[in-house]
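Just so it is clear, none of the values below were taken in a lab; they were calculated from the coordinates. Just so it is clear, the model here is predicted, and its values are computed rather than measured. With ideal geometry, Cβ positions are generated from the backbone for all residues, glycine too; neighbour counts draw on all protein chains shown.
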Amino acid sequence: MKSAIQYAVFVLLCLTIPNTQAVEKITIKLDFIPNIEDGQTTYGVCARCHLPEAWGNDDGTYPQLAGQHVNVLMKQLLDIRNGTRHSSLMFPFVQSRTVGGYQELSNVVAYISTLPMNPDHSRGPWQKGSEQFEQGKEIYQKHCAACHGDNGEGNNELVYPRLQGQHFQYMNQQIMRIKNGVRQVHPAMQAVVSELEPEQLEQAINYASYFAVPKEDMASSKTWRNPDFN
């Protein structure tokens, strides 16, 4: 992968002079060219929980990472590292003394993004054609599609997560964590989640769980195994 991974590091600057009126935020943007082979080596640690294929599991304990946008993956790792996103399971594994610096993070997210996606991810309980599915479609198109895309494709440049292929239970658990104030997200996302009722959120997530993954992004079958870890 020759394209650079971009991310922003936020630093608080407070001048040590009398009568300082405000603390200003500085945004530093850095580009890295990832090394896929090194990323594979680093991912060996991640694979113990996320599985060699990075497919996660149906019950939502671990998300499907394969095929996710690199900038989205990077942001989540940095948010967990700096405490913006709380995850007691992940926190020890994203520290610089464990995984390395920004270059190493760039390597591993680039490697993950190259993995084919699970062709049989878990979906919600309301199938296409049901009343709840149609209600979820309406809610998603009104409140979610502007950022996540009409087909859940997300946006790498704008750091909007790809929803295609993500497990229903994982998305539902995370949306409830946001709803209950446990997970902090972008204010626009927070506003939508706060506005909608839990049942509406679940219906929207159900609809999103049925998004089709493009054939070129999927593994050949659900029995596919990552040859890098055979």
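Quick one: dipole size for region 122-212, taken about the Cα centre, charges +1 on Lys/Arg Cβ and -1 on Asp/Glu Cβ, in debye to the nearest 20.
Working: 8 positive and 10 negative charges, 60 e Å.
Computed charge dipole of region 122-212: roughly 280 debye.
Between residue 95 and residue 197, the distance separating the two model label sites (each 7 Å from Cα on the Cα→Cβ line) works out to 4.5 nm.
Remark: the residue 87-residue 30 segment gains 18.0 nm on full extension, using 0.36 nm per residue and subtracting the alpha carbon distance. Annotation: lysines with alpha-carbon distance below 23 angstrom to residue 75 (same-chain offsets under eight excluded): 2, 25, 29, 179. About the centre of its Cα atoms, the chain shows a dipole size close to 460 debye [charges on the beta carbon of Lys, Arg (+1) and Asp, Glu (-1) only; nearest 20 debye].
Going by average Cβ neighbours within 10 Å, how do the peptides 185-198, 128-141, 41-54, 203-216 rank, with the highest at the top?
Result, highest mean Cβ count within 10 Å first: 203-216, 41-54, 128-141, 185-198.
Only Lys, Arg, Asp and Glu carry charge here, each on its Cβ (+1 for the first two, -1 for the last two); on that basis region 76-168 has a dipole of about 260 debye about its Cα centre. Backbone phi angles across region 147-164, fed through the Karplus curve with coefficients 6.51, -1.76 and 1.60 (θ = phi - 60°), yield HN-Hα couplings of 9, 7, x, 4, 10, x, 7, x, 8, 5, 5, 8, 6, 9, x, 7, 9, 3 Hz in residue order; Gly and Pro are listed as x. When you restrict to C-alpha pairs under 8 Å that are six or more residues apart and normalise by the size of the chain, the relative contact order lands at 22 percent. Classification of the chain by its C-alpha gyration tensor yields an oblate form. The axis ratio a/c (a ≥ b ≥ c) is 1.5 or more, and b/c is at least a/b. The residue among 219, 229, 170 whose Cα reaches farthest toward the positive pole of the charge dipole of the chain, with charges on the beta-carbon of Lys, Arg, Asp and Glu, is 229.
For region 122-212, averaging the sequence separation of C-alpha pairs within contact (under 8 Å, six or more residues apart) and dividing by the residue count gives a relative contact order of 45 percent.
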